[in-house]
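Notes to accompany the following structure.
The values are calculated or read from the model by the stated rules, or taken from the named source; none is laboratory data. Note that the structure is a prediction, hence the values are computed from the model and not measured. Every residue, glycine among them, receives a Cβ derived from its backbone with ideal geometry; neighbour counts consider all protein chains shown. Ligands, DNA and RNA are excluded from the accessible area calculation, which covers all protein heavy atoms including side chains. Shrake-Rupley method; radii C 1.70, N 1.55, O 1.52, S 1.80 Å.
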Amino acid sequence: MPLPDPSRLVAEARAATADAALAARCLPLLDLTSLTGEETEADIAALCRRAVAHRVAAVCIYPAHLATARPLLAGTGIRLAAVANFPAGGDDLLAVADEVASAVADGADEVDIVAPLAAIQSGDVGMVGEMVELARQAAGGGTTLKLILETGVLADPAIIAAAARAAVMAGGDFLKTSTGKAPVGATLEAASILLTVIAEADGRVGFKAAGGIRTAADAAGYLHLADAILGPDWVGPRRFRFGASGLLDDLLRMMGRGGAPSAGGGY
């Protein structure tokens, strides 16, 4: 079935509203994130306690903190994610593979890898596939690999789509919008491109919206896009995530559950 006009989809997504039911739907999709670079062991422990208390999908942190987080999440079903090639998105593929292998050895279930941004901008989209393939070899088959395309930096829809397709063809598990470190983070326009590429692949790849998503109202638009492009039955923690820190606070507020402010940051 042909997709609706992209501009119409984005306009509809921008008008989407949030309520308690939507907030409850978002909560198990959340990668609770802290990537300021200034985290202490106490900060990571607090982040993990919040993740367990509210049953989010994953905790996403720098690799240096995996040893602290791993025992706190063991047996909870909450996945542990680390970042690699982060945030600059360099093109040293062997170094990226080493980062991935080290993170997996230290307990990461998932690795969020920044794509080689300068190479993509110069026309070498093929390096995306090479990076994903090497990362897969380094990680092994049981690790979820999320490729961060930093769509606010790549900007051009054709380039974003080409890089996304290269990642899918190479065996990436998720397409992710942003590091949260660039001036432009997630946008509905970029999300519609990534979700359309995922639809081309019959929905076998996941999507993660990250970068500036702080409220349930922000999140509503991304869920609307995913539902419209891939269907509401597609959306779930195995295939759809929000990478955020402050979003949890607003979800809980909307659900009437309150709670202490998040210790996370960086998204």
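Here's the yes/no breakdown for (1) open to solvent by 10 Å² or more (accessible area, probe 1.4 Å); (2) modelled with pLDDT of 95 or more; (3) in contact with a strand residue (DSSP E or B) (Cβ under 6 Å, 6 or more places away or on another chain):
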{"residue": "ASP173", "(1), (2), (3)": "yes, yes, yes"}
{"residue": "THR196", "(1), (2), (3)": "yes, yes, no"}
{"residue": "ASP202", "(1), (2), (3)": "yes, yes, no"}
{"residue": "THR215", "(1), (2), (3)": "yes, yes, no"}
{"residue": "ASP218", "(1), (2), (3)": "yes, yes, no"}
{"residue": "TYR222", "(1), (2), (3)": "yes, yes, yes"}
{"residue": "ILE229", "(1), (2), (3)": "yes, yes, no"}
{"residue": "ARG239", "(1), (2), (3)": "yes, yes, yes"}
{"residue": "GLY243", "(1), (2), (3)": "no, yes, yes"}
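Suppose the filter is within 18 Å of GLY203 (Cα to Cα) and open to solvent by less than 10 Å² (accessible area, probe 1.4 Å); does ALA162 pass it?
no
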Identify the single condition in (1) modelled with pLDDT of 95 or more; (2) closer than 22 Å to ASP218 by Cβ; (3) assigned to a loop (DSSP other than H, G, I, E, B) that PRO4 does not satisfy, given that it satisfies every other one. (1)
Condition met for VAL184 (open to solvent by 40 Å² or more (accessible area, probe 1.4 Å), of a type in the set (A, V, I, L, M), touching a residue at least 12 places away in the same chain (Cβ under 8 Å) and over 14 Å from ALA13 (Cα atoms)): yes
Could you list, in sequence order, all residues of the stretch 220-244 that are in a helix (DSSP H, G or I) and of a type outside the set (A, V, I, L, M, F, W, C)? GLY221, TYR222, HIS224, ASP227
Scan the stretch 246-261 and give yes if some residue there is among the aliphatic types (A, V, I, L, M), open to solvent by less than 30 Å² (accessible area, probe 1.4 Å) and either closer than 30 Å to MET169 by Cβ or outside any helix (DSSP H, G or I) (or both), otherwise no. no
Check GLY90, GLY77 and return the single one that is more than 30 Å from GLY123 (Cα to Cα) and at pLDDT 95 or above. GLY77
